[in-house]
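Asks: Please read through the structure below; I'll follow up with questions.
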Amino acid sequence: MLGDNMAVPSTRSDHQPLYSQFGRILAEARNKKKMSQEVLARELGLSRTSITNIEKGRQPVQLHTLYQISQLLSVELKDLLPAPQLAQQPETGQDVSVSRTDWLQSMNVTLPSGGIDAQKKGYRVRSKKTSPK
């Protein structure tokens with residue numbers, strides 16, 4: 001079990017969304033049970049600060065602690081875990097950029113095409129792409 005005076009490794013930045021989501025789920029389950037951070041900490045043998053750090057996604061949770069949390073809050077272990085997609089982060093250095101057009105389409109945004117009305121209003125109008133000859 002972690003002692004309060006032991007150094008706790010911080011979460012790696014590439015796993016941050018996973019730990020942040022777990023922290024939100026934990027805080028929600030704890031609040032639903034009407035349990036304070038202090039009571040949860042005491043039952044787990046941790047400090048209240050550790051619970052705060054876990055709920056903020058700044059401190060990872062050991063496996064045995066995860067089982068204890070599940071029992072103390074009377075929730076299924078699987079219900080405490082974040083979506084699997086968060087654990088499948090892209091490899092470091094992998095290009096994850098998307099084109100402006102792809103991004104706008106994924107956000108379901110349609111830009112006006114311009115035309116005479118746009119020119120009358122003083123908007124900048126893009127010239128139409130010409131096909132190669």
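Read-outs throughout are calculated quantities, based only on the coordinates presented, and are distinct from any laboratory measurement. Just so it is clear, the model here is predicted, and its values are computed rather than measured. No Cβ is skipped: glycine too gets one built from the backbone with ideal geometry, and neighbour counts run over all protein chains shown.
Asks: For a quick protection proxy, order the peptides 21-32, 49-60, 68-79 by their average other-Cβ count within 10 Å, most packed first. List each step's numbers first, then the result.
Replies: Working: 21-32: 17.1, 49-60: 18.8, 68-79: 13.8.
For the peptides 21-32, 49-60, 68-79, the packing ranking is 49-60, 21-32, 68-79.
Asks: A further question follows. If R₀ is 41 angstrom, what is the calculated FRET efficiency for the pair Arg42 and Asp14, using the beta carbon separation as r and rounding to 0.05?
Replies: Details: r = 33 Å, r/R0 = 0.79.
For Arg42 and Asp14, the calculated efficiency is 0.80.
Asks: Okay, moving on. Using the Cα centre as the reference, give the magnitude of the dipole from point charges on the C-beta atoms of segment 13-87 (Lys, Arg: +1; Asp, Glu: -1; all else neutral), rounded to the nearest 20 debye. Kindly include the intermediate steps, with their values, before the conclusion.
Replies: Values: 10 positive and 7 negative charges, 46 e Å.
It works out to roughly 220 debye.
Asks: A further question follows. What does the extension gain come out to for Arg24 and Leu81, with contour length at 0.36 nm per residue minus their alpha carbon separation? Please report the intermediate quantities before stating the final value.
Replies: Working: separation 57, 0.36 × 57 = 20.52 nm, distance 1.03 nm.
Working it through step by step, the gained length comes to 19.5 nm.
Asks: Roughly how compact is segment 13-87, stated as its Cα Rg over 2.2 N^0.38 Å to two decimals? Walk me through the numbers before you get to the answer.
Replies: Working: Rg = 11.3 Å, N = 75, 2.2 N^0.38 = 11.3 Å.
Normalised Cα radius of gyration, segment 13-87: 1.00.
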